[in-house]
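Working notes, beginning with the structure itself.
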Amino acid sequence: MPNDAIILEARDLTMRFGGLLAVSDFSAAFPRGSITGLIGPNGAGKTTCFNMITGFYKPTSGQVVFGGENVEGRPPHKLCRAGIARTFQNIRLFTNETVLENVMIGRHLRQKTSWLQTLVFTPASRREDREIRARCLELLDTVGLADLAGEKAASLPYGAQRRLEIARALATEPKFLLLDEPAAGMNPQESEDLMGFIRAIRDTFGLTILLIEHDMKVVMGICESLYVLDYGQTIAIGPPEAIRSDPKVITAYLGEEQAHA
């Protein structure tokens, strides 16, 4: 019987690469509408967890349960269609395409007309193309990029490129959104703005968000709960206030100065 309060569960996810144990028995439950952080030092296994949840890696063992259904082993595009979307640590935009075209590429996952109808440009495909364009312009307005819709993605400043990547993910109509280091490369003001932005898209789109982040101000500022990994093992789970003072976390990751900042 599925627990409707929990949108996604990771159950004992384990990932081995040959003799290397990258992640061992990672278990987590994400309440609907929550913002959760996954933190830990470099090489702790955070991105490996993301890759298992989103279908880029097939776990050596364990399950991913989404909406009460075991989805472990499904390819990324099928998980995306089911409602699981992600961004990447290194921004992956179509740099030679416009801002609007990048978002439309994400939206085409929900396209109803066939490739053949699109190829011959039937009335139905033309109508749907207009609808996709209009919806994507709305998304760009929501993320503050509407004025840049016709610009090449490569020309955007770094913070705007991050927002564009998130807008493209939103275009797929996700229920569960994974953000891999969204504040990477941002200055303090951009990071501050990002916190408000993540809360806003959670509330506007009714999302559940899981993020990997090294910026402790962002993590402590927006996450309601945290999972801490070290060498592929979960060493702490709890609200930011408890994680901040956890001796194992201080030793493994935060350091005394950061933990008491």
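The values are calculated or read from the model by the stated rules, or taken from the named source; none is laboratory data. This one's a predicted model, so the numbers in the text were calculated from it and none came from an experiment. Heads up, the Cβs are rebuilt from the backbone with ideal geometry, glycines too, and the neighbour counts pull from every protein chain shown.
Total residues in the range 1-44 satisfying the condition of being of a type in the set (A, V, I, L, M), in a loop (DSSP other than H, G, I, E, B) and in contact with a Lys or Arg (Cβ under 8 Å, 6 or more places away or on another chain): the figure is 1.
Assess whether residue 65 counts as being more than 24 Å from residue 240 (Cβ to Cβ) and either aliphatic (A, V, I, L, M) or in a helix (DSSP H, G or I) (or both). Outline the logic, then answer.
On the way: more than 24 Å from residue 240 (Cβ to Cβ): yes; either aliphatic (A, V, I, L, M) or in a helix (DSSP H, G or I) (or both): yes.
Taking the combined requirement at face value, the residue satisfies it.
Yes or no: the range 13-20 includes at least one residue that is out of contact with any Pro (no Cβ under 7 Å at 6 or more places or on another chain) and β-branched (Val, Ile, Thr). No, the range 13-20 contains no residue that is out of contact with any Pro (no Cβ under 7 Å at 6 or more places or on another chain) and β-branched (Val, Ile, Thr). Within the range 157-166, at least one residue is at pLDDT below 95, within 30 Å of residue 69 (Cα to Cα) and within 13 Å of the chain's Cα centre (by Cα).
Taking the conditions (1) modelled with pLDDT of 90 or more; (2) part of a helix (DSSP H, G or I) in turn, residue 235 satisfies each one other than (2). Residue count for the range 211-250 under the criterion of being surrounded by fewer than 17 Cβ atoms within 10 Å (Cβ to Cβ), among the hydroxyl-bearing types (Ser, Thr, Tyr) and under 20 Å from the mean Cα position of the chain (by Cα): the result is 0.
Report whether or not residue 204 is under 26 Å from residue 30 (Cβ atoms), in a loop (DSSP other than H, G, I, E, B) and of a type in the set (Val, Ile, Thr). Here the answer is no, as residue 204 does not meet what is asked.
With the structure loaded, tell me whether residue 24 is touching a Ser or Thr at 6+ places or on another chain (Cβ under 7 Å), surrounded by fewer than 22 Cβ atoms within 10 Å (Cβ to Cβ) and either without any contact (Cβ under 8 Å) to a residue 40 or more places away in the chain or farther than 29 Å from residue 221 by Cβ (or both) or whether it fails that test.
Here the answer is yes, as residue 24 does meet what is asked.
Screening the candidates 157, 182 for the property of being buried (at least 17 other Cβ atoms within 10 Å of the Cβ) and farther than 11 Å from residue 37 by Cα yields one hit, 182. Inside the range 185-204, residues that are surrounded by 15 or more Cβ atoms within 10 Å (Cβ to Cβ) and either β-branched (Val, Ile, Thr) or modelled with pLDDT of 95 or more (or both) make up a count of 3. Note on the range 167-183: among residues that are more than 25 Å from residue 131 (Cβ to Cβ) and not in a loop (DSSP other than H, G, I, E, B), the one that is farthest from the chain's Cα centre (by Cα) is 180.
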